[in-house]
């Protein structure tokens with residue numbers, strides 16, 4: 001593979017906007033289909049969702065997908081057919097393995113909810129299908145306060161503190177950066193950098209086409225590279241996927 005950085009701007013994302021939902025899709029999703037934008041590495045979905053109070057996604061099925069939900073604002077109520085239920089909030093990482101089949105709902109209906117909930121939901125394809133459905137969550141707020149890239153969810157053994165992604169050669173990191181703060185990206189065959197909040201600059205060069213500013217909602221898809229420094233030009237929150245496989249054509 002040739003080293004490459006593919007910058008995708010926020011304004012280029014497809015959007016689903018209805019009375020209770022404003023959802024921006026980094027990849028093909030639902031009725032928004034582009035055969036040239038179906039995935040990067042193992043990542044198929046990176047949805048940036050805002051849900052009004054009292055509304056949400058009613059019970060619906062998933063299968064053979066590792067689903068990580070990262071809340072940026074407000075609280076999201078989760079319920080699934082394995083008997084798990086709870087509230088996801090900023091700093092709490094959650095992973096759901098759909099496996100051979102699971103039903104779940106996600107709603108902004110915490111008692112007294114008055115503000116929209118904003119969250120990023122990400123789906124990665126596991127290496128094995130038909131596994132048992134599962135669920136895991138972990139509070140990592142204190143880790144985020146220390147700065148740096150914090151493992152949120154991982155299918156790789158070296159990340160002891162992260163929640164587990166089952167049967168997938170991938171890891172998700174989050175970082176909250178103050179203005180002037182920076183982190184260095186890992187090196188991997190496939191990386192996906194998403195600016196969830198604020199703005200950053202991505203170190204790069206003319207040969208990679210990846211240097212320059214990235215604003216809220218912008219993303220960079222890196223292939224056969226890594227090690228670039230990401231620096232915040234204002235307080236920012238970033239999500240980074242490290243992936244060591246891709247989806248077969």
Problem set entry | Extended-chain gain in nm, criterion 0.36 nm per residue less alpha-carbon gap, residue 34 and residue 114 | 25.2 nm
For this session: Using a 10 Å cut-off on Cβ atoms, rank the peptides 124-132, 103-111, 184-192, 57-65 from the highest mean neighbour count down.
Result: 184-192, 103-111, 124-132, 57-65
For this session: Could you tell me the distance between the Cα centroids of the stretch 84-133 and the stretch 8-82, to the nearest Å?
Result: 11 Å
Exercise. What are the semi-axes of the equivalent ellipsoid of the chain, taken as the square roots of 5 times the eigenvalues of the Cα gyration tensor, listed largest first and rounded to whole Å?
Worked result: 26, 21, 18
For this session: Could you list the residues of the stretch 44-65 with an amide nitrogen less than 14 Å from a label point located 7 Å from the Cα of residue 131 in the Cα-to-C-beta direction?
Result: 63-65
Exercise. If contacts are Cα pairs under 8 angstrom and at least 6 residues apart, what is the relative contact order of the stretch 4-243 in percent?
Worked result: 20 percent
Exercise. Per residue of the chain, what 222 nm ellipticity follows from adding -39500 (n - 2.57) for every DSSP H run with n ≥ 4, rounded to the nearest 500?
Worked result: 0 deg cm²/dmol
Problem set entry | Ascending count of other beta-carbon atoms within 10 Å, so fewest first, for 241, 123, 70 | 123, 70, 241
Problem set entry | For the stretch 106-237, alpha-carbon Rg relative to the globular expectation (2.2 N^0.38 Å, N residues) | 1.16
Problem set entry | the stretch 117-249: antiparallel DSSP beta bridges as a percent of all, rounded to 5 | 95 percent
Exercise. When only C-alpha pairs under 8 Å and at least 6 residues apart count, what is the relative contact order of the stretch 87-165, in percent?
Worked result: 42 percent
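Any read-out appearing in this document is the output of simple, stated calculations on the displayed coordinates, not a laboratory observation. Bear in mind that the values here come from a model prediction, so they are computed numbers and not experimental data. Cβ coordinates were reconstructed from backbone atoms using ideal geometry, including for glycine residues, and neighbour counts include every protein chain displayed.
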